[in-house]
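To start, the structure itself, in structure tokens.
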Amino acid sequence: MDSSADAVYLYDAGSAKHEGNNHGWFSVIYTIHERIQLLHKKSFDDLGTVTIHLYNATAAEKEKLENMQAATYNLEDGKVVETKVDKSSIFQDKDGDYQVIKFTFPQLKEGSIIEYTYTTNSPFYRYIPSWTFQGRYPELWSQFSIEEPEFFDFVTLKQGYL
């Protein structure tokens, strides 16, 4: 691990699967789970606030956020203290055809671990979210899995030298 890093992803996992929906076709269920240790205050601006964009084409065709949970973990007097993100501190806004959901983690300190998970339900079955296995901060564990119906054909575009 890079000793000069301001933060490190301890766990970064995503999954996408197609499930039948009430409209006679498929929806994409996309789940994210991230656990990040904030080593220096420099990382607070980048990682202390999470922004989720949900596409809303029409009232009938829009992505939905489900099962969101988020918390900050700090070590105080030898004990792990969990501070959950309060539902009242989750903000929603609109940006064109997108609903933007934002929340900021409470009680951030150097050494804090932040963790969040959420699921989006999208009626746009052709759209599979992209995934980056290594980004600005080092990632100790990164995985992405996808389940698709046998009769779907997708083109896989690999980038990088591995």
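Details
- Relative contact order (%) - criterion: Cα under 8 Å, at least six apart; region: the chain: 35 percent
- Surrounding net charge for VAL28, when Lys and Arg each add one and Asp and Glu each subtract one, Cβ distance under 12 Å: -1
- Here the peptides 134-145, 4-15 are ranked by packing, the mean other Cβ count within 10 Å, and the order with the highest first is 4-15, 134-145.
- Here is the list for the range 66-123: trypsin sites (Lys or Arg not before Pro) lying in DSSP coil, each with at most 13 other C-beta atoms within 10 angstrom of its C-beta, are LYS109.
- Ligands, DNA and RNA left out, the 1.4 Å accessible surface of the range 38-162 is 49% carbon and sulfur atoms.
- Think of a 1.4 Å ball rolled over the protein heavy atoms: the chain then has 67 Å² of accessible area per residue.
- In a simple Cβ point-charge model (Lys, Arg +1; Asp, Glu -1; nothing else charged), the chain has a dipole of about 200 debye relative to its Cα centre.
- Between the entries (1) 53; (2) 62; (3) 57, the label attached to percent of Cα pairs over 19 Å apart calculated for this structure is (2).
- Restraint check, LYS62/LYS94; LYS42/LYS87; LYS17/LYS94; LYS17/LYS87, Cα-Cα greater than 20 Å: LYS42/LYS87; LYS17/LYS94; LYS17/LYS87
The values are calculated or read from the model by the stated rules, or taken from the named source; none is laboratory data. On a predicted model such as this, the values are computed, not experimentally measured, just so you know. Don't worry about glycine lacking a Cβ; one is built from the backbone with ideal geometry, like all the others, and counts go over all protein chains shown. Areas reflect the complete protein model, heavy atoms only, side chains present, ligands, DNA and RNA absent. Shrake-Rupley method; radii C 1.70, N 1.55, O 1.52, S 1.80 Å.
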